[in-house]
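These notes concern the structure reproduced below.
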Amino acid sequence: MNPAELVRPEVLALSAYHVPPAEGMVKLDAMENPYPLPETLRRELAEALSRVELNRYPDPSGAKLRELLRRKMKVPAGFEVMLGNGSDELLQIAVLALARPGAAMMFPAPTFVMYSMYGTLAGMKVHAVPLREDFSFDARAFIARMSAERPALVFIAYPNNPSGVLYPEEDVAAVVRAAPGAVVLDEAYHAFAGKSFMHRLAEFPNLLVLRTVSKLGLAGIRLGYLAGSPAWIEQLNKVRSPYNVNVLTQTAACFLLERLEVLEEQAARIREERGRLARALAALPGVHVFPSEANFILARVPGADRVHAALLARKVLVKNLNSPATRECLRVTVGTPEENRILLDALRECLQK
Ligand SMILES: *Cc1c(COP(=O)(O)O)cnc(C)c1O
């Protein structure tokens, strides 16, 4: 039997999310925090994990972890939190819940590829509204498109990926106010932006704030969280698979949230290093750097395909985004000072040729 005769056309048309091999590479392609946990903390964490009852199902809603997140992440009183296996799962849950027949979703683009992927899979009409040439946000144009298409769901990455651009707060607020449906504000990079709508949840009954611990330094445990009114979370929770966040993740997250200052200090180092790296990249011949409030930098590099291949040959892995929407763009994650130096040296060599 040929699977292609049975599989949905939307699925046949997709290509799977590609993750290149990274063994032995300076890995600057996936917005990971480059710093490991301190040795003593690792030992204490191992001890905590050794006490986990692997024979038991996890707490189904992660009550203890949710309470800790509400406190540590300053979720306003009266608002609920739900957990996801990565924030990816929560994006998918929001889409599945809102994909009524004929419903539309909308987002400024280019942006995180999973928005359109989940929308397409759920059979929604997907409207990608172009950003300006410099990846800044034309809120008036977006609001005009919303009144034409009436999307049930809007996604805004704040700051955006892959550009790193943080849209002006009042533009985002205007979109949330004007939206005819739900707005999921994806704050995956909040730790590096210093800006958030979390404290403004009460102003907007249609707003949901999505976060992840991945970019903060815990990409391996797969944990995202979504904050919103109890009325929204009650509905979205029905779409969530039971026990979607495993016991090891719940235990590790609780342990590290109690010691959040360690990760916040690492984020502060990354922010500082981001400034240095951006200035050094901008000083390279022909390179244009877009302003980033995230833990990565998007740069337009002459001959991006060739430079990307030349970096690979030097064991430096960055993301090649060369395509019509992000012409000649490479996206580099901010690494340790040493990793950034290796990247810059390699780039200097590649650009001279
Ligand atoms: C990385 C990223 C995510 C996914 O994060 P996970 O929690 O690791 O699934 C979501 N949104 C944006 C904008 C991202 O860049």
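Values in this text are rule-based calculations from the coordinates and carry no lab data. Every value quoted in this text rests on a predicted model; they were computed, and no experiment measured them. With ideal geometry, Cβ positions are generated from the backbone for all residues, glycine too; neighbour counts draw on all protein chains shown.
What number of residues within region 256-309 are without any contact (Cβ under 8 Å) to a residue 60 or more places away in the chain and not basic (Lys, Arg)?
Total satisfying the criteria: 19.
Which of the residues spanning region 202-221 are surrounded by fewer than 20 Cβ atoms within 10 Å (Cβ to Cβ) and touching a residue at least 60 places away in the same chain (Cβ under 8 Å)?
Matches in region 202-221: 202, 219.
Within the bounds of region 218-227, is there any residue that is among the aromatic types (Phe, Trp, Tyr) and more than 13 Å from the chain's Cα centre (by Cα)? Break it down into steps so the answer makes sense when it comes.
Filtering region 218-227 for residues among the aromatic types (Phe, Trp, Tyr) gives 225.
With more than 13 Å from the chain's Cα centre (by Cα) added as a condition, the list becomes none.
Scanning region 218-227, I find no residue that is among the aromatic types (Phe, Trp, Tyr) and more than 13 Å from the chain's Cα centre (by Cα), so the answer is no.
Hey, which of the helices (runs of 4 or more DSSP H) in region 141-259, taking only ones fully inside, have at least 1 residues that are under 24 Å from residue 119 (Cα atoms) and more than 16 Å from the ligand (Cβ to nearest atom)? Before you say what the answer is, go through the steps one by one.
Working: elements: 169-178, 190-193, 230-237, 247-257.
So the answer is 169-178, 230-237.
Of the residues that sit in region 172-195 and are under 15 Å from the mean Cα position of the chain (by Cα) and free of Cβ contacts under 8 Å to residues at least 60 places away in the same chain, which one is farthest from residue 82 (Cα to Cα)?
190
Tell me, which residue of region 90-106 that is buried (at least 20 other Cβ atoms within 10 Å of the Cβ) and farther than 14 Å from residue 235 by Cβ is farthest from the ligand (Cβ to nearest atom)?
Of all residues in region 90-106, those buried (at least 20 other Cβ atoms within 10 Å of the Cβ) come to 90-95, 98-99, 104-106.
From what's left, farther than 14 Å from residue 235 by Cβ: 91-92, 104-106.
Numbers: 91: 7, 92: 10, 104: 20, 105: 15, 106: 16 Å.
Filtering region 90-106 for residues that are buried (at least 20 other Cβ atoms within 10 Å of the Cβ) and farther than 14 Å from residue 235 by Cβ, the one farthest from the ligand (Cβ to nearest atom) comes out as 104.
Among the listed residues 61, 116, 50, which satisfies the condition of being in contact (Cβ under 8 Å) with a residue 40 or more places away in the chain, at negative phi and among the hydroxyl-bearing types (Ser, Thr, Tyr)? Walk me through it before giving the result.
Numbers: 116 fails: in contact (Cβ under 8 Å) with a residue 40 or more places away in the chain; 50 fails: in contact (Cβ under 8 Å) with a residue 40 or more places away in the chain.
The unique qualifying residue is 61.
If you take the residues of region 174-187 that are in contact with a Phe, Trp or Tyr (Cβ under 8 Å, 6 or more places away or on another chain) and of a type outside the set (Val, Ile, Thr), which of them is nearest to residue 150 (Cα to Cα)?
Here is the first cut: in region 174-187, the ones in contact with a Phe, Trp or Tyr (Cβ under 8 Å, 6 or more places away or on another chain) are 175-177, 182-187.
If we keep only those that are of a type outside the set (Val, Ile, Thr) as well, we get 177, 182, 185-187.
Values: 177: 13, 182: 11, 185: 18, 186: 20, 187: 23 Å.
Filtering region 174-187 for residues that are in contact with a Phe, Trp or Tyr (Cβ under 8 Å, 6 or more places away or on another chain) and of a type outside the set (Val, Ile, Thr), the one nearest to residue 150 (Cα to Cα) comes out as 182.
Only one of 310, 346 is over 28 Å from residue 190 (Cβ atoms), surrounded by fewer than 18 Cβ atoms within 10 Å (Cβ to Cβ) and of a type in the set (A, V, I, L, M). Can you tell me which? I'd like the intermediate steps shown before the answer.
Working: 346 fails: surrounded by fewer than 18 Cβ atoms within 10 Å (Cβ to Cβ).
After ruling out the rest, the residue left standing is 310.
Any residue in region 252-261 that is within 19 Å of the chain's Cα centre (by Cα), over 30 Å from residue 38 (Cα atoms) and not aromatic (Phe, Trp, Tyr)?
No, there is no match, as no residue in region 252-261 is within 19 Å of the chain's Cα centre (by Cα), over 30 Å from residue 38 (Cα atoms) and not aromatic (Phe, Trp, Tyr).
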